[in-house]
Amino acid sequence: MLEETAIHSDLLDEALDDLSPAFDEEGDGQLYEHLRMEVDRGQEPMRIDKYMSEHVQHSSRNRIQKAADAGFVHVNGKPVKSNYKVRAGDVITLMLDRPHYDTTIEPEDIPLDVVYEDDQLMVINKPAGLVVHPGVGNFHGTLVNAIAWHLRNLPSYDPNDPSVGLVHRIDKDTSGLLVVAKTPDAKTELGAQFFNHDTHRSYVALVWGNFTEDTGRIEGNIGRDPRDRQRMAVFPAGGDVGKTAVTHYRVLERYGYTTLVECRLETGRTHQIRAHMKHIGHPLFADERYGGTEILRGERTASYKAYIQNCFKLCSRQALHAKTLGFVHPVTHEQMDFTSELADDMQALIDKWRNYTRHIDIT
């Protein structure tokens, strides 16, 4: 067996989920070796996805298949598909499109807005712009590094132990509430509540367009967009592509060309609200990845275009805030419910639209 490089499970997950990361935005096309292994003598022919899933730590057969399909699994210097059968002496390499990094989480003195804390958990109000977890392009300065600093004097909390820490995540440019487990039992119990959809979460979003109805339900599988691997797309509900996702929405305020809505998650998929709202023709305001930085509704006048550009400057990220979070405490079994105020940039954006509607007919 040749040198075998350990791969951190979270890094491998992100590497295989996001096949077009920031490292290669300039398009150099270079691949970097993350793992090298030689098939032992006497090995009977075996599919490479099965072989690697048995020999690579923190990996699954499905993950290996995705890597192979993306051209990241090489044998003797050439990419192979997941049905390739390894033979004795084959040299297998995992080639990813970003360098190998040490993903050890170190405490960093980053301010935290702690809404609630006890010996089992804490609830944090995350600002927009703060990456939740170290990953491609963001190995420092994340929420996880801040949590590690905040709990640095708690001997039982190891930020590199996956059995404690963040129970769920929100996007970098989404603000709002998150829960952190301080103990393995708390994380197991809270994780089960999220998995079983027993938690209560609501988001506030400003979206393009006006709704004909006051409430609605969006159902459609969420999966990677085959045309843009950094974006999610909606596929037929119940189909084989993507994961089941359901979003409920309720109109809070109408501004004619935009609408303020409350979104309640029945499931929690990556970019769920952003993808679902785009799917029904109402992308989130200022959401560049999902088309929200185009002027999708309104007048063609120069003054209106200038107004929208000023709105984008006020809130230069998707207008989405994780406002409420509810769950059952893992030890006391009490219902815990939290609410957070909108981030300043999003509140300023809403105030600007409220003022705008005083001067137009939105009926």
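Just so you know, all these numbers are worked out from the coordinates, no wet-lab data involved. Bear in mind that the values here come from a model prediction, so they are computed numbers and not experimental data. Note that each Cβ is placed from the backbone with ideal geometry, even for glycine, and that neighbours are counted across all protein chains shown.
Suppose the chain between residue 185 and residue 210 were pulled fully straight at 0.36 nm per residue; how much longer would it get relative to their current alpha carbon spacing? Additional length available on full extension: 4.5 nm. Spin-label pair residue 78-residue 316: with each label point 7 Å from Cα along the Cα-Cβ axis, the two points sit 4.9 nm from one another. The overall shape of the stretch 153-201, judged from the alpha-carbon gyration tensor, is oblate: a/c is not under 1.5, and a/b is no greater than b/c.
A cut-off of 5 Å between modelled amide H atoms, ignoring neighbours fewer than 5 places along the same chain, links residue 90 with 39.
Put simply, the amide H of residue 258, placed in the peptide plane, has neighbours under 5 Å in 209, leaving out anything fewer than 5 places away on its chain. Distant-in-sequence amide contacts of residue 232, defined by a placed amide H-H separation under 5 Å and a gap of 5 or more residues or a different chain, comprise 225.
The phi-based Karplus calculation (6.51 cos²θ - 1.76 cosθ + 1.60; θ = phi - 60°) puts the 3J(HN,Hα) values of the stretch 158-174 at 10, x, 9, 9, x, 7, 10, x, 4, 8, 8, 9, 10, 5, 3, 9, 9 Hz, whole numbers, x for Gly and Pro. Computed on the Cα atoms alone, the convex hull of the stretch 323-363 gives a volume of 86 cubic angstrom per residue. In this label model, residue 303 and residue 248 are separated by 4.2 nm, measuring between points 7 Å along each Cα→Cβ vector.
Computed from phi, the 3J(HN,Hα) profile of the stretch 339-354 under the Karplus parametrisation 6.51, -1.76, 1.60 (θ = phi - 60°) reads 9, 10, 6, 4, 4, 4, 5, 6, 5, 5, 5, 5, 4, 5, 5, 4 Hz, with x in place of Gly and Pro. Fully extending the segment from residue 341 to residue 266, taken as 0.36 nm per residue of separation minus the present Cα-Cα distance, adds 24.8 nm. Calculated over the stretch 225-344, the projected area of the Cα convex hull averaged across directions stands at 10.1 nm². Here the calculated FRET efficiency for residue 230 and residue 158, from their Cβ-Cβ distance with R0 = 30 Å, stands at 0.45, rounded to the nearest 0.05. Remark: the stretch 104-111, residue by residue, has Karplus-estimated 3J(HN,Hα) of 4, 8, 9, x, 9, 6, 10, x Hz, where x stands for each Gly or Pro and the curve is 6.51 cos²θ - 1.76 cosθ + 1.60 at θ = phi - 60°.
When exposed loop sites are taken as trypsin sites (Lys or Arg not before Pro) in a DSSP loop with at most 10 other Cβ atoms within 10 Å, the longest stretch of the chain clear of them is 42-226.
Mean separation of Cα pairs under 8 Å and 6 or more residues apart, divided by the residue count, gives the stretch 231-357 a relative contact order of 18 percent.
Annotation note: GluC sites (Glu not before Pro) in the stretch 233-332 located in DSSP loop regions with a Cβ neighbour count of at most 15 within 10 Å are 266, 294, 299.
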